[in-house]
Amino acid sequence: MPDSPITATVDYHRDGVQHGFLKLPHSHDDSAWGSLMIPITVVRNGEGPTALLTGGNHGDEYEGITALLKLAGRLRAEDITGRVIIVPMMNHPAALNGTRTSPIDKGNLNRAFPGSPTGTLTQRIADYFTRYLVPLCDLALDVHSGGRTLDLLPFAATHRLEDEDLARRCLEGALAFGAPNTLLMAELEGAALYDTVVEAQGKVFISTELRGGGTSTPESVALAEQGVENVLRHAGILAGEPQAGPTRMLEIPDAAHYLQSEHAGLLEFAVHLGDPVRAGDLIARVHSLERTGVAPAEYRAPVDGLLIGRRHPARISLGDTFAVLAVPLDAS
Ligand SMILES: [Zn+2]
């Protein structure tokens, strides 16, 4: 495979703090020989483990971007043992645009892995992570939130993996993050995720969802900042023990726990985010915006569960996920 077109202005093997860029050539109307400039910070202090910390995989998920910009600004080499690589905005064009996907090629970075060095700009970013950055790390933490269209109870997440030792280490990492909820997730499109690339290289992978709605709150940013530091302590990169409160262990077992609308119109929730629901309980109605005198479509819980996520905007189209249900994790 050809080398990545991306070059880093930082040296991953040099001690100290470096703020620089991943430069990805981007030839366009306003800059014939221009580059995308993706900010990156590398902090290194001798031999030790490497953590790869990322936000902005989706450009409208702000807790990770905010927490990692702040961490990059304050972390000193003498604070750590080993190395921390921080990319607060993986899909930088999307983050600049405040959108989930890149405005340049419409690429959804977290559906573009493992990527390609000769593909779209988004695929080229994915490829650089797959072949250059993930191999440098022992542990990767990718901080997501719901973005403009989802609101999620705050959780750290991992997956069921065939490699049971890796699965255990990933779960320990997710627990160390210290969110109020810790999830085992079945993903809707696992094959093209960053998560899958990291896990396939045998590295510990931790993901999060920390609210959403295209904004952040003091609480959600504080949780992101605390969680990132907890993971660095768990990895032995920062001194001390993780400061984690109690967590609730939950699971999203399969695609049936993601409820999608078969109607377009106006969404009216009957339950709140975080509410427990029993099978048969009304979750939401979808009202027609086409005519009066039509009964709304009613959506009921197919199983018992907890409303871990909901659609944020009230306008809804066919196929939109409007509710996500989680169940208590079987401790075995
Ligand atoms: Zn995301």
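The values are calculated or read from the model by the stated rules, or taken from the named source; none is laboratory data. This structure is a prediction, so every number in the text was calculated from the model and none was measured. With ideal geometry, Cβ positions are generated from the backbone for all residues, glycine too; neighbour counts draw on all protein chains shown. Accessible surface areas use protein heavy atoms only, side chains included; no ligands, DNA or RNA. Shrake-Rupley method; radii C 1.70, N 1.55, O 1.52, S 1.80 Å.
With an 8 Å cut-off on Cα pairs and a minimum separation of 6 or more residues, tell me the relative contact order of segment 43-137 in percent. Don't skip to the end; give the middle numbers.
Values: 187 pairs, mean separation 27.5, N = 95.
Relative contact order of segment 43-137: 29 percent.
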Dimensions (Å) - the chain, Cα atoms, principal axes, largest first: 67, 52, 37
Cα-based equivalent ellipsoid, segment 233-300: semi-axes from gyration tensor eigenvalues, Å: 41, 13, 12
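If you count the DSSP beta bridges with both ends in the chain, what percent of them are antiparallel, to the nearest 5?
Values: 46 of 70 bridges.
Just about 65 percent of them are antiparallel.
Could you work out what % of the accessible surface of the chain is carbon and sulfur, using a 1.4 angstrom probe and leaving DNA, RNA and ligands out of the count?
Details: 7450 of 14540 Å².
Here it works out to 51 percent.
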So for R0 = 41 Å, FRET eff. of TYR12-THR321 from the Cβ-Cβ r, to 0.05, ends up at 0.60
So for the pair ALA264, GLU241, with labels modelled 7 Å out along Cα→Cβ, what separation do we get in nm? 5.6
What shape does segment 85-147 have by the C-alpha gyration tensor, where a ≥ b ≥ c are the square roots of the eigenvalues, rounded means a/c under 1.5, and otherwise prolate means a/b greater than b/c and oblate the rest? oblate
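Only Lys, Arg, Asp and Glu count, each charged at its Cβ (+1, +1, -1, -1), so figure out the dipole size of the chain about its Cα centre, rounded to 20 debye. Intermediate results must be reported in sequence, preceding the final value.
Values: 27 positive and 41 negative charges, 123 e Å.
That gives a dipole near 580 debye.
Work through the residues other than THR81 whose Cβ is under 13 Å from its Cβ and net out their charges, Lys, Arg +1 and Asp, Glu -1.
Net local charge, THR81 excluded: -1.
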Nearest-20 debye value, segment 159-314 charge dipole, Cβ charges on Lys, Arg, Asp, Glu: 400
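Starting with the highest mean, order 66-72, 207-213 by the number of other Cβ atoms within 10 Å, averaged over the residues of each peptide.
On the way: 66-72: 20.3, 207-213: 26.0.
Top to bottom by mean Cβ count within 10 Å: 207-213, 66-72.
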In a shell of Cβ-Cβ distance under 15 Å around VAL17, excluding VAL17 itself, what net charge do Lys and Arg (+1) and Asp and Glu (-1) give? +2
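Suppose R0 equals 51 Å. What FRET efficiency, 1/(1 + (r/R0)^6) with r the Cβ-Cβ distance, do TRP33 and ALA256 give to the nearest 0.05?
Values: r = 50 Å, r/R0 = 0.99.
FRET efficiency, TRP33 to ALA256: 0.50.
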When only Cα pairs under 8 Å and 6 or more residues apart are kept, what is the percent relative contact order across the chain? 15
As a test, work out the antiparallel percent of DSSP beta bridges whose residues both lie in segment 18-92, rounded to the nearest 5. 75
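I want the local charge near ARG169. Using Cβ-Cβ distances under 11 Å, sum +1 for each Lys or Arg and -1 for each Asp or Glu among the other residues. All intermediate terms of the calculation are to be shown ahead of the outcome.
Working: positive: ARG168, LYS203; negative: ASP138, ASP163, GLU164, ASP165, GLU172, GLU199.
Neighbourhood net charge equals -4.
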So between GLU172 and GLN201, what do we pick up on full extension, going 0.36 nm a residue minus the alpha carbon distance? 8.7 nm
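Roughly how many debye, to the nearest 20, is the charge dipole of segment 87-201 about its Cα centre, given +1 on each Lys and Arg Cβ, -1 on each Asp and Glu Cβ, and no other charges? Let's see the in-between values first.
Details: 9 positive and 14 negative charges, 101 e Å.
Value, rounded to 20: 480 debye.
Please calculate how many Å² of accessible area the chain carries per residue, with a 1.4 Å probe and no DNA, RNA or ligand atoms counted. Don't jump to the answer; show the numbers that get you there.
Details: 14540 Å² over 332 residues.
Value for the chain: 44 Å² per residue.
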